[in-house]
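Bear in mind these aren't lab numbers, they're just calculated from the coordinates by the rules spelled out. Quantities reported herein were computed from a predicted structural model and do not represent experimental measurements. Cβ: placed from backbone, ideal geometry, glycine included. Neighbour counts: every protein chain shown.
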Amino acid sequence: MCGIVAAIAKRNVTVILLEGLKRLEYRGYDSAGLALLEPDSHALITRKVVGKVAALEEAVDGARGNVGIAHTRWATHGKPNHINAHPHTSGSVAIVHNGIIENYQTLRDQLIAKGYVFASQTDSEVIAHLMHEALKTEASLVAALQTTVQQLRGAFSIAAMQADNPNVIAVAKKDSPLVIGVGIEENYVASDPLALRQVTDRFVYLQDNETAEITLQGYTIYNVGGEAVEREIERATDEIESIDKGEFRHFMLKEIFEQPKALKDTLMGRTGNDAVLEQAFGSEASDIFDQVKAVQIVACGTSYHAGIVAKYWLEDWAGIPCNVEVASEYRYRKTVTLPNTLFVTISQSGQTADTLAALDKSKSQGYLASLAICNVASSALVRNSDLVFLTQAGIEIGVASTKAFTTQLIALQLLAIALGRRSNINAEREKQLVKGLMDLPVFAAAVLQLNSHIQTISHHFTERHHSLFLGRGVQYPIAMEGALKIKEISYIHAEAYPSGELKHGPLALVDSDMPVVAVAPSGDLLEKIKSNLEEVAARGGKLYVFADENAGFTNDEQTTVINIPHCQESIAPIIYTLPLQLLSYHVAVNKGTDVDQPRNLAKSVTVE
């Protein structure tokens, strides 16, 4: 999503800004820009480009400044073009903005009536003009920003500077992440601490409705009433991985192959003596889990698919009802909360706007407690939840989630076991399930050895425009995830169905031009899956079956079988995810799409 970087120093900050934007490229964006205050004259210098940060780096062409703000934009209002790119200016004021201003049209009309001329189609430009107007009566930049944000309705993180006041950056936050980076006689601001790790490991996290004044000497944070507040500096202790593709052509492929390690790291310290260690969810987890009678899961995209998988586990193993809902739907409808329900949110970034809004809504809905399953310790989702399970996927650069998804499934399976031991899971069954989890890294590595075979098969999809993914039971959401992946990065239309639903409509689509991908591990539903696939073959459909090596599928003119190592049924959803990821990756490469940053998508969706 959109990214913000800002810095004030005695040295040239251009390099800091550009490096910060590069570290945020994984979020997805369509344009980039920066504004600098020239060191001697304090003249306002802006550079904006459509496209990558590398193009912005060229456009900067030696421009220097001791104060600067920078931005990567993902279009929400107005097309991706030079005019709509940030920063936006009004007189001597320059601003960058993440989020959405819901009442921008009303504000725009009011400003036009006062004589302001708008250059862009964005909602963000109103902020620059409002600040320019406020500075006619306010004595400081931060006071002008405080006056401005009182007029805004929506979500925002804002960084602003002014040529007439060259020694300060003013910032504000509401429902969109923003962090201050603390240096020595220089200070920084970013929408993600990752952007600043090249210059500092000390951070101060702004809370909603706060503003702050950033100078060379330090910073002052103000609450909604304009009073200065103290905030503890947090030192980042997590190891930030080098953002480097290494031997791999794309980040996505690198991250697919990092899954054995990510799975192992996520399990480390979470199980012991053949049992789940409930402390992994928080110090109060055991007391809360004792009271849980139902689970409500809320998530978006790939994380939503992880939640649907968890529904099968929770209802089967723990014997408690589980409801799974898309966050953007949950937050806007009237809901009924069952007694003693645990509210579970799932997010890779922990900054997904809809999921955060759902969590905020849950606090007034009578839930027992909230649990966040997340990959980012410093995220808003983690900070605002009662219990937390941190996955250990490491930095995920590719927009299409891979290792974040499989580590989320580990977290959810551990939750299902922990809740299930209070009802349906005895010590022997728990030992068996935990052993399956501990075997995961080995099985994942074995499945990745199929890469070359899957690459060969992927050429059968290159010229296709549609595909169908099938699964039964707990494998149905895995088929959904497989279909999503191929849509996201190869732009092939794909749908997923429970294979038992074929005869109720989707079978009408099947012909020789429609590849049908099936997930068929061993288990109670295997024979039913075989029967469903016969329906496809009888209608001339081309089948690609990811099957247990012992399932008895054979290759023929219509059927291509990809044999998957036999594994425990409990971990099959995780294992069968990997070959579907490889398939989507290789199809996208064949089609020549931007694998890591597919069109129209962003890594961290911090707006509705």
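Below 18 Å, Cα to Cα, which aspartates and glutamates can Lys48 reach? Residues fewer than 8 away in the same chain don't count.
Reachable aspartates and glutamates: Glu19, Glu25, Asp30, Glu38, Glu57, Glu58, Asp61, Asp123, Glu125.
Given the DSSP H assignment, sum -39500 (n - 2.57) over each helix run of at least 4 residues in the chain and divide by its residue total; what's the result at 222 nm in deg cm²/dmol, nearest 500?
-9500 deg cm²/dmol
If amide H atoms are built 1.01 Å from N in the plane of the peptide, which residues on other chains or at least 5 residues away come under 5 Å of the amide H of Gly154?
Glu102
Which of Ile417, Leu450, Leu437 sits closest to the plus end of the dipole of segment 409-464, meaning its Cα is farthest towards the positive end, when Lys and Arg get +1 and Asp and Glu get -1 on the C-beta?
Going by the Cα projections, it comes out as Ile417.
Residue farthest toward the positive end of the dipole of the chain, with Cβ of Lys/Arg at +1 and Asp/Glu at -1: which of Cys374, Phe389, Ala262?
Toward the positive end, the furthest listed residue is Cys374.
Divide, for segment 192-310, the radius of gyration over alpha carbons by 2.2 N^0.38 Å, where N is the residue count.
1.51
Quick one: what are the phi-derived ³J(HN,Hα) couplings along segment 365-381, Karplus 6.51/-1.76/1.60 with θ = phi - 60°, whole Hz, x for glycine and proline?
Once rounded to whole Hz, the list reads 9, x, 6, 5, 6, 10, 10, 9, 10, 8, 9, 10, 5, 8, 6, 5, 4.
When the Karplus curve 6.51 cos²θ - 1.76 cosθ + 1.60 is applied with θ = phi - 60°, which whole-Hz ³J(HN,Hα) does each residue of segment 33-46 get, with x for Gly and Pro?
Going residue by residue, I get x, 8, 10, 10, 9, 4, x, 8, 8, 6, 5, 7, 10, 10 Hz, with x marking Gly and Pro.
Placing +1 at every Lys and Arg Cβ and -1 at every Asp and Glu Cβ, with all other atoms neutral, what dipole size does the chain have around its Cα centre, in debye to the nearest 20?
Taking the Cα centre of the chain as origin, the dipole is about 540 debye.
For Lys334 paired with Glu38, estimate the spin-label separation in nm (one decimal), with each label point 7 Å from Cα along the Cα-to-Cβ line.
Reported label-point gap for Lys334 and Glu38 is 6.2 nm.
Can you give me the three principal axis dimensions of segment 242-448 from its C-alpha atoms, in Å, biggest first?
51, 42, 26
Please identify the GluC sites (Glu not before Pro) of segment 213-285 that satisfy two criteria: DSSP loop assignment and at most 14 other Cβ atoms within 10 Å. Which are they?
For GluC sites (Glu not before Pro) across segment 213-285 that sit outside H, G, I, E and B with at most 14 neighbouring Cβ atoms in 10 Å, the list reads Glu227, Glu230, Glu232, Glu239, Glu241, Glu247, Glu284.
What is the angle, in °, between the Cα long axis of helix 476-490 and the longest principal axis of the Cα atoms in the chain? Nearest 10 is fine, range 0 to 90.
Helix 476-490 and the main axis of the chain meet at about 50 degrees.
Near Lys530, which lysines are there with a Cα under 17 Å away, not counting those fewer than 8 places off in the same chain?
Lys503, Lys542
How tilted is helix 104-113 with respect to the longest principal axis of the chain? Cα atoms for both, answer in degrees (0 to 90, nearest 10).
20
Could you pull out every one of the lysines with an alpha carbon less than 28 Å from that of Lys254, ignoring same-chain neighbours closer than 8 positions?
Within the straight-line cut-off, Lys254 pairs with Lys22, Lys52, Lys245, Lys264, Lys403, Lys435, Lys485, Lys487, Lys591, Lys603.
Using the Cα centre as the reference, give the magnitude of the dipole from point charges on the C-beta atoms of segment 1-141 (Lys, Arg: +1; Asp, Glu: -1; all else neutral), rounded to the nearest 20 debye.
Dipole size: approximately 200 debye.
As an exercise, find the ratio Rg/Rh for the chain from alpha-carbon atoms, using the Kirkwood inverse-distance average for Rh.
Checking Rg against Rh, the ratio lands at 1.00.
Report, to the nearest 10°, how far helix 572-591 tilts away from the longest principal axis of the Cα atoms in the chain, using its own Cα long axis and a range of 0 to 90°.
60
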